[in-house]
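*Asks:* There's a structure below that I have some questions on.
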Amino acid sequence: MPEPRPISRRPVLTLAALLVTLPLQTTFAAAQLRGHGGPVRAVAISADGKTALSGSFDSTAIRWSLTRDAAEQVLRFHADAVNAVALLRDGRAATAGADGRIAIWTPGKAQPDTVLEGHTAPIVALAVSPDGTMLASASWDQTVRLWPLAGGSPRVLEGHTQNVNGVAFTPDGRALVSVSYDQSVRIWPLTSGSAPAVVAMPTPLNAVAIGSDGEIAAGGGDGRVYFLAADGARTGDVAAGPRPMISLAVAPDGALAAAASIGGSVAIIDRKTHALARTLVGPGLPVWSVAFLPDSRTLLTGGADNIIRRWNAATGEPVDTVLIETAGDPLAAYAGDRGAEIFRACVACHTLSAEQGVRAGPTLAGIFGRRIATAPGYNFSDALKHLDIVWTPETVSKLFEVGPAAYTPGTKMPEQRIGSEQDRAALVQFLERATGR
């Protein structure tokens with residue numbers, strides 16, 4: 001593992017670092033927060049419940065006033081998706097992206113105060129220590145890093161063997177918990193310096209949250225939420241939905257947990273009984289982020305429709321009836337097509353026609369016969385630009401047979417494989433029909 005680069009304190013003098021005020025017409029709809037041009041990947045809420053911060057696949061973060069339901073500022077700095085956000089105790093904001101960088105912002109300033117560099121792959125989660133002095137980051141470079149907010153080099157926690165997807169501090173600040181695709185929960189003691197406790201899990205893990213009582217909740221790729229005691233002992237689990245859980249939050253009073261699914265559902269879980277209490281019904285698109293307000297009843301969700309929605313978690317009802325409006329199913333015309341059903345896991349990041357443009361990933365319009373990393377309108381990594389791959393039915397099938405990490409090293413695409421040869425063939429045949437070959 002390369003040595004981490006020192007924390008940069010130089011202002012980033014680029015146009016991409018400008019902080020601009022949103023037009024006033026961006027959002028006034030009660031309960032909804034509209035303004036992002038891509039799926040809402042992350043949401044954080046201030047301790048007083050008056051401010052929210054969101055990050056999006058559109059490479060921006062937005063600071064919102066929850067008292068006015070209005071955007072206050074757009075933070076433009078990252079060269080790629082903003083995957084994680086955090087609000088610091090002093091009112092500053094932290095944003096982290098697929099570009100592997102963390103930016104620290106003071107409200108109203110046009111540039112980040114500090115840029116933290118060292119990760120060599122996308123950062124996907126942030127956590128602030130209970131005393132407000134440390135920031136933890138989880139990255140697909142298989143590490144967790146602890147950044148002193150007063151300055152200094154980060155502490156690098158190594159041991160995971162695959163992407164680290166979630167990180168959270170214990171309530172007493174004495175330990176840090178991380179979860180990974182490698183099917184493990186790691187509990188890192190921060191005061192003793194001893195080795196972490198490693199808890200083997202039955203599935204890859206995508207998210208973690210910790211209650212005020214120290215109980216750990218981990219969101220699984222199998223659609224379940226697993227609960228562990230502070231020492232890592234399993235205390236229960238609940239089937240939260242049929243699709244992978246990708247975001248978790250625990251209410252401040254500890255009564256409820258919310259688990260968001262790539263399938264579009266949000267499960268509300270009674271933490272006392274570890275039972276499913278209710279399911280929030282929205283547009284049916286992936287929900288990438290969830291966060292409770294300080295009242296422990298109101299929940300914000302950020303999804304693939306670019307909207308932040310507000311819910312009453314105690315009843316399962318939207319705060320405003322306008323929230324029940326649904327977006328059209330982009331695959332409705334392909335009902336019953338096996339390949340389309342397989343592609344449904346990709347629809348949050350890729351469109352099928354050039355008119356729909358790019359999302360977190362490039363459009364797939366005209367993909368067959370096109371060289372990798374040449375689709376117009378998308379910022380590809382340098383690593384992909386140097387690969388000698390032309391997309392054909394055979395190479396697309398190979399991508400999902402061996403996985404993106406092995407076939408296209410340097411990709412930002414989430415790791416996924418399709419083990420069935422028949423399913424790979426169905427996906428390829430669908431793409432041939434749907435992308436205008």
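Since every read-out is calculated from the coordinates, none of them should be taken as a lab result. These numbers were taken from a predicted model, which means no experiment stands behind them. Because the Cβ atoms are built from the backbone with ideal geometry, glycine has one as well, and the counts that use them run over all protein chains shown.
*Asks:* Report D for the range 332-434 in µm² per second (integer): Stokes-Einstein, Kirkwood Rh on Cα pairs, 25 °C, 0.890 mPa s. Don't skip to the end; give the middle numbers.
*Replies:* Working: Rh = 14.0 Å.
Calculated translational D: 176 µm²/s.
*Asks:* Quick one: how many lysine pairs does the chain have with C-alpha atoms less than 20 Å apart and a gap of 8 or more or different chains? Give me the count, please. Present the calculation step by step, with values, prior to reporting the outcome.
*Replies:* Values: Lys50/Lys109; Lys385/Lys398; Lys385/Lys412; Lys398/Lys412.
Going through the chain pair by pair, I get 4.
*Asks:* Taking the highest mean first, how do the peptides 120-129, 60-69 order by number of other beta carbon atoms within 10 angstrom per residue? Spell out each step's value before the answer.
*Replies:* Details: 120-129: 21.6, 60-69: 20.1.
Answer by packing, highest mean first, reads 120-129, 60-69.
*Asks:* Along the Cα→Cβ direction, 7 angstrom out, place labels at Gln356 and Asp295. What is the inter-label distance in nm?
*Replies:* If labels sit at Gln356 and Asp295, their model points lie 3.7 nm apart.
*Asks:* While we're on this one: Based on other C-beta atoms within 10 Å, arrange Arg309, Arg174, Arg224 from fewest to most.
*Replies:* Numbers: Arg309 25, Arg174 14, Arg224 20.
The fewest-first ordering by Cβ neighbours comes to Arg174, Arg224, Arg309.
*Asks:* Shifting gears a bit: In terms of the ratio Rg/(2.2 N^0.38 Å) built on C-alpha atoms, what value belongs to the range 50-99? Mind showing how you got there, number by number?
*Replies:* Working: Rg = 10.6 Å, N = 50, 2.2 N^0.38 = 9.7 Å.
Compared with the compact-globule rule of thumb, the range 50-99 sits at 1.09.
*Asks:* Additional query: Using a simple charge model, +1 on the beta-carbon of Lys and Arg, -1 on the beta-carbon of Asp and Glu, nothing else, what dipole does the chain show about its Cα centre, in debye to the nearest 20? Could you put the intermediate results ahead of the total?
*Replies:* Working: 38 positive and 39 negative charges, 120 e Å.
Charge dipole, the chain, about its Cα centre: 580 debye, nearest 20.
*Asks:* Can you compute the charge dipole magnitude of the range 332-434 about its Cα centre, using +1 on each Lys and Arg Cβ and -1 on each Asp and Glu Cβ, nothing else charged? Give it in debye, rounded to the nearest 20. Can you show the working numbers first?
*Replies:* Numbers: 11 positive and 11 negative charges, 38 e Å.
Taking the Cα centre of the range 332-434 as origin, the dipole is about 180 debye.
*Asks:* Let me ask something additional. Considering amide H positions built from the backbone, and no H for Pro or chain starts, which residues 5 or more places from Ala207, or on another chain, come under 5 Å of its amide H?
*Replies:* When sequence neighbours closer than 5 places are left aside, the close amide H contacts are Gly219.
*Asks:* Out of residues 5 or more away from Ala277 or on other chains, whose amide H comes under 5 Å of its own, with H placed 1.01 Å from N in the peptide plane?
*Replies:* HN-HN under 5 Å from Ala277: Ile268, Ile269, Asp270.
*Asks:* With the dipole of the chain worked out from charges on the C-beta (+1 for Lys and Arg, -1 for Asp and Glu) around the Cα centre, which of His119, Phe400, Ser289 lies farthest toward the positive end?
*Replies:* His119
*Asks:* Given H placed 1.01 Å from N in the peptide plane, which residues other than close sequence neighbours of Asp141 have an amide H under 5 Å from its amide H?
*Replies:* Placed amide hydrogens put Thr120, Ala121, Val164 under 5 Å from Asp141.
*Asks:* Arrange Ile216, Ile389 by Cβ neighbour counts within 10 Å, fewest through most, would you?
*Replies:* On the way: Ile216 27, Ile389 16.
If I rank by nearby Cβ atoms, fewest first, I get Ile389, Ile216.
*Asks:* Right, something else. Kindly provide the helix-only [θ] at 222 nm of the chain, computed as the sum of -39,500 (n - 2.57) over DSSP H runs of four or more divided by all residues, to the nearest 500 deg cm²/dmol?
*Replies:* Helix contribution divided over all residues of the chain: -2500 deg cm²/dmol.
*Asks:* In addition: Considering only Gly339, Met413, Phe430, whose Cα is most displaced toward the positive end of the charge dipole of the range 332-434, charges sitting on Cβ of Lys, Arg (+1) and Asp, Glu (-1)?
*Replies:* Working it through, the farthest residue towards the positive pole turns out to be Met413.
*Asks:* With N residues in the range 92-193, what two-decimal value do you get for its Cα radius of gyration over 2.2 N^0.38 Å?
*Replies:* Details: Rg = 13.2 Å, N = 102, 2.2 N^0.38 = 12.8 Å.
Compactness ratio reported: 1.03.
*Asks:* Projected onto the charge dipole of the chain (+1 at Lys/Arg Cβ, -1 at Asp/Glu Cβ, origin at the Cα centre), which of Thr191, Ala168, Phe57 gives the Cα projection farthest towards the positive end?
*Replies:* Phe57
*Asks:* If I model a spin label at Thr279 and Ser420 as a point 7 Å from the Cα along the Cα→Cβ vector, what separation in nanometres do I get?
*Replies:* 2.1 nm
*Asks:* In terms of the ratio Rg/(2.2 N^0.38 Å) built on C-alpha atoms, what value belongs to the chain? Walk me through the numbers before you get to the answer.
*Replies:* On the way: Rg = 20.7 Å, N = 437, 2.2 N^0.38 = 22.2 Å.
For the chain, the normalised Cα radius of gyration is 0.93.
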